[in-house]
Amino acid sequence: MLSVYTRHYPPCRQTDSNYRRCRCPKWINGTLATGKFIRESAQTRSWETAERKARLMEIDADPLKKAAPEPNWRITIEQAVGDFLRDEEARKLQKTSTCQSKTLLEKQLLGWAREQSLTFLDELTTAKLREFRASWNNGALTTQRKHHRINGFFDFCIENDWLLRNPAKKMKPVQVSQEPTDYFTPAEFAKIVDATYAYGEWKGGRDFEHRSLRLRALILLMRWSGLSILDAVTLERRRLDGDRLLLYRHKTKVPVYVPLPPVVTALLETVQSMNEQVASNFDQQRMVAQLAGIFGLIAMLLAAIGLYGLTTYTVACRTSEIGVRMALGADRLNIVRFVLRGAFLLVAIGLFIGIPLAIGAGRLMAAQLFEIRSWDPHVFGFSILALGACAAVASILPAHRAASTNPMKALRTD
């Protein structure tokens, strides 16, 4: 009978060898049915995995001992693949990793299993997996990565108690021979730097006069900092502190200062940032947008002036009516409401006609411009509030004059 126990190491504070929840190494101890004494590492920090390994060791040592009866249901390959992909999405893995799993498992494995008339997960034996791997038309490195992904898929199936053994474990590993990339000699590196000057003579695209400078700064930064292309391109300017570059270790996040030659720092200081490049490349578009905003403010001002004039004219034409209302008992507040109601009625009619036209114009703009929606509720709400405020300011003065009218004089007005 084999049993599992834990060997605790600092910083773990547990002393009980039967404690299961820590991440200390798990060991297997006991005697097999053949009488052989076993004490070896389970090669895992999971108690459940060590228990499963101990049971398999007992079964392998005693051929007469039968394994526990399997359940009366068998999971299909499609169900296992679906659960594995959903688990990867729940773990918030990178999109590239999930896409590679979908390509390998959904498109390739499920398609190959249908061609082989394989339905259930336990039908994927080691021999079948060798046939599946032989159908890949990839290089050695890609085949090795696929092998590891298939191995992880079957480990997931074992953790869910769908299988007892991983059939991919018995497949021989893929041999990959990679030659390490050697460093450039000083002469070769000088040729690379000199080649950047040629881009300054090619006048194509926007901001072509700075292209040679940016390429040279990128190459020298990668040479003296050891950064990759992606990290060097996305490096923030605030990381440059004089002749030192502030970096952080990937795992420990410990700050590290990397010294740079003065020539490299001077070159980096002359390179425009992304915001500066965008600002210099879109000056004309920004000027057009500012002019459009100014024209919009002028249009709103003209609308307010026109509404003021129309409201004043309406009040002057209805002076007799206002006098009759005041003679019959209407107070000044009612007169002000009467005038403002007429002014805001005109605003409502204008909004009823203008909002559909604005949405239609927005759809035309969305088809021509990048990341522009056909309508923005915040912009429309602000425009309606601004127009209502202008209407209130333009109508309050005529409404005040109408409320201050003498009823006797108003009744004598023709």
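What follows draws every value from the coordinates through simple rules; no lab data is involved. Everything quoted here is computed from the prediction, not taken from an experiment. We place every Cβ from the backbone using ideal geometry, glycine too, and count neighbours over all the protein chains shown.
Quick one: angle between helix 332-368 and the longest Cα principal axis of the chain, in degrees between 0 and 90, rounded to 10, please.
40 degrees
Assuming 0.36 nm per residue, please report the length gained on full extension of the stretch ILE353 to PHE37 beyond their Cα-Cα distance.
Roughly 104.7 nm would be gained on extension.
Remind me, relative contact order of the stretch 2-61 in percent, using alpha carbon pairs under 8 angstrom and six or more residues apart?
34 percent
By how many degrees, between 0 and 90 and to the nearest 10, does the Cα long axis of helix 211-225 differ from the longest principal axis of the chain?
Computed tilt is about 40 degrees.
Got a sec? How would LYS169, LYS253, LYS26, LYS102 order by Cβ neighbour count within 10 Å, fewest to most?
Listing LYS169, LYS253, LYS26, LYS102 from fewest to most nearby Cβ atoms yields LYS253, LYS169, LYS102, LYS26.
Treating only the Cβ atoms of Lys and Arg (+1) and Asp and Glu (-1) as charged, compute the dipole magnitude of the stretch 100-154 about its Cα centre; round to the nearest 20 debye.
Dipole of the stretch 100-154, to the nearest 20 debye: 260 debye.
Would you work out the charge dipole size for the stretch 236-367 about its Cα centre, treating the Cβ of every Lys and Arg as +1 and the Cβ of every Asp and Glu as -1, and quote it to the nearest 20 debye?
It comes to approximately 500 debye.
As I understand it, the value is the acute angle between the Cα axis of helix 77-90 and the longest principal axis of the Cα atoms of the chain; what does it come to in degrees, rounded to 10?
On a 0 to 90 degree scale, this one is about 60.
For the chain, calculate the relative contact order in percent as a whole number, restricting contacts to Cα pairs under 8 Å that are 6 or more residues apart.
8 percent
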